[in-house]
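Structure first, then comments.
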2 protein chains.
Amino acid sequence: MRAFIVLGHRVPLTPDFSLNDLPGSAGRLDILCRCVTAAFCLSHGIRRDVLVYLVLQDQIVVRLEGSRLKHLNPDERSTAALIQKALRAFAENTYKDREIESTPGIFIASGGLSEALQSAQGLGLTVYWLHEHGTPIRHEKLDENAAFVLSDHLEFSPQDVALLKIFPQLSVGPLSLHADHCIVIVHNELDVRFAPASGFSLR
Amino acid sequence: MRAFIVLGHRVPLTPDFSLNDLPGSAGRLDILCRCVTAAFCLSHGIRRDVLVYLVLQDQIVVRLEGSRLKHLNPDERSTAALIQKALRAFAENTYKDREIESTPGIFIASGGLSEALQSAQGLGLTVYWLHEHGTPIRHEKLDENAAFVLSDHLEFSPQDVALLKIFPQLSVGPLSLHADHCIVIVHNELDVRFAPASGFSLR
């Protein structure tokens, strides 16, 4: 099981944004959509053993469960529409801290990074903080069951750092990359190590 | 210098498609847009030493030059708008085989995979064919100056294969991945090998 916790620092908490303007009025929701695609989408299928937590402004958590996911396509707009639907369901929900399933495999409730970390740890996942100053991922022993925390285009906030500083920091490469590209590289590293088919193996 | 040649087998040859329907009426242009983002976009900047050739139905080549690129944002829709603009300029151009620059760094002319390969080889780039049955990229000696050929969601056509079979085949991992995810992994492999800052090095 692999999980990705992605912090969206500016993504709106209500569904009142245009699907035609994801980088603008939707607060860089395009980044989170590409993260969802990177986390789940294979060339012809879905990675079922993956969880994604989208943490919106440290107030709402959208949780995507690969084992139940339906209607997910790889393009940004259709993923944004699913998240918008989740925010609409959340707005209409009286009990905000009770998780509801807006479409198959997509759950939403109030919560922040703290709750997402707690959920991942409750599943027995080892938490890693993806950070450009971390240890190169290729040099590190990795747990096959792991959760990786990433930020959108903005730096981790002091509140984020306070929660994350106890976890090992990993870096995916010598350059600073987009969050979704980091997810692709993490998946590849774990694929090569733990699914050593077709000649791939950890050297 | 790195180049990526991406084959779009169904992308329209005219600008008559909706930016709201990239996976549908635009023939999976969403894939090519994510490929452009993966090829050029760093967290805070553009990879200037990159070229992308988008080969549309083996009839039109859109060439993107990192050293001159302007107005490129990481989201799919704005990239699709730039490609649409290129197709509009192409439609209005009398001399189809004479390349024109539709926006800074984006060039368009008639041509196919053959012309794209010829252009990349003319720049002295070593050509690799990214293929799921290729040699694992981590095991292979790689040229720093290289062009990688990928396909969109469809298989390489018999015509593609006839041109590509002379080139070494590389695979990025044990699973079959989206083209843009392959580009991310290729970049990472070359970054780790040839930009060995911050503790990364080829093992």
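The values are calculated or read from the model by the stated rules, or taken from the named source; none is laboratory data. None of these values were measured; they are calculated from a predicted model. Note that each Cβ is placed from the backbone with ideal geometry, even for glycine, and that neighbours are counted across all protein chains shown.
For (1) surrounded by 15 or more Cβ atoms within 10 Å (Cβ to Cβ); (2) part of a helix (DSSP H, G or I); (3) of a type in the set (A, V, I, L, M, F, W, C); (4) at pLDDT 95 or above, each residue gets a yes or a no:
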| site | (1), (2), (3), (4) |
| --- | --- |
| A:Leu142 | yes, no, yes, yes |
| A:Val149 | yes, no, yes, yes |
| A:Leu163 | yes, yes, yes, yes |
| A:Ile183 | yes, yes, yes, yes |
| A:Leu190 | yes, yes, yes, yes |
| A:Ala197 | no, no, yes, no |
| A:Ser201 | no, no, no, no |
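For region B:51-96, taking the residues that are in a loop (DSSP other than H, G, I, E, B) and charged (D, E, K, R), the one that is surrounded by the fewest Cβ atoms within 10 Å (Cβ to Cβ) is identified as B:Lys70. Is there a residue in region A:151-160 that is closer than 29 Å to A:Thr94 by Cα and either of a type in the set (A, V, I, L, M) or loosely packed, with under 14 Cβ neighbours inside 10 Å (or both)? Scanning region A:151-160 turns up at least one residue that is closer than 29 Å to A:Thr94 by Cα and either of a type in the set (A, V, I, L, M) or loosely packed, with under 14 Cβ neighbours inside 10 Å (or both). So, of the residues in region B:165-181 that are more than 9 Å from chain A (Cβ to nearest Cβ) and within 29 Å of B:Arg48 (Cβ to Cβ), which turns out to be surrounded by the most Cβ atoms within 10 Å (Cβ to Cβ)? So the residue we want is B:Leu170.
Of all the residues in region B:83-138, those that are under 17 Å from the mean Cα position of the chain (by Cα) and among the aromatic types (Phe, Trp, Tyr) number 3.
Listed by first and then second residue, the pairs linking a residue in region A:66-86 that is within 13 Å of chain B (Cβ to nearest Cβ) and among the aromatic types (Phe, Trp, Tyr) to a residue that is assigned to a loop (DSSP other than H, G, I, E, B) and crowded, with 24+ Cβ neighbours inside 10 Å, with Cβ atoms under 8 Å apart and 6 or more places separating them unless they lie on different chains, form an empty list. Exactly one residue out of B:Arg68, B:Arg77, B:Arg88, B:Arg28 is closer than 27 Å to B:Leu164 by Cα, at pLDDT 95 or above and among the basic types (Lys, Arg): that is B:Arg28. Count of region B:102-124 residues, restricted to those that are within 30 Å of B:Ala91 (Cα to Cα) and either within 14 Å of chain A (Cβ to nearest Cβ) or of a type outside the set (A, V, I, L, M) (or both), is 14.
The residues of region A:37-58 that are in contact (Cβ under 8 Å) with a residue 24 or more places away in the chain, among the hydrophobic types (A, V, I, L, M, F, W, C) and within 9 Å of chain B (Cβ to nearest Cβ), listed by number, are A:Ala38, A:Cys41. Within the set A:Val192, A:Val127, the sole residue that is within 14 Å of chain B (Cβ to nearest Cβ) and of a type in the set (Val, Ile, Thr) turns out to be A:Val192. For region A:106-118, a tally of residues being surrounded by fewer than 21 Cβ atoms within 10 Å (Cβ to Cβ) and small (Gly, Ala, Ser) returns 4.
Within region B:151-164, being more than 11 Å from chain A (Cβ to nearest Cβ) and not acidic (Asp, Glu) holds for B:Phe156, B:Ser157, B:Pro158, B:Gln159, B:Val161, B:Ala162, B:Leu163, B:Leu164.
Being more than 22 Å from A:Val36 (Cβ to Cβ) and not aliphatic (A, V, I, L, M): is that true of A:Phe167 here? Taking the combined requirement at face value, the residue satisfies it.
Among residues of region A:1-36 being surrounded by fewer than 24 Cβ atoms within 10 Å (Cβ to Cβ) and either of a type in the set (S, T, N, Q) or part of a helix (DSSP H, G or I) (or both), the one that is nearest to the other protein chains (Cβ to nearest Cβ) is A:Asn20.
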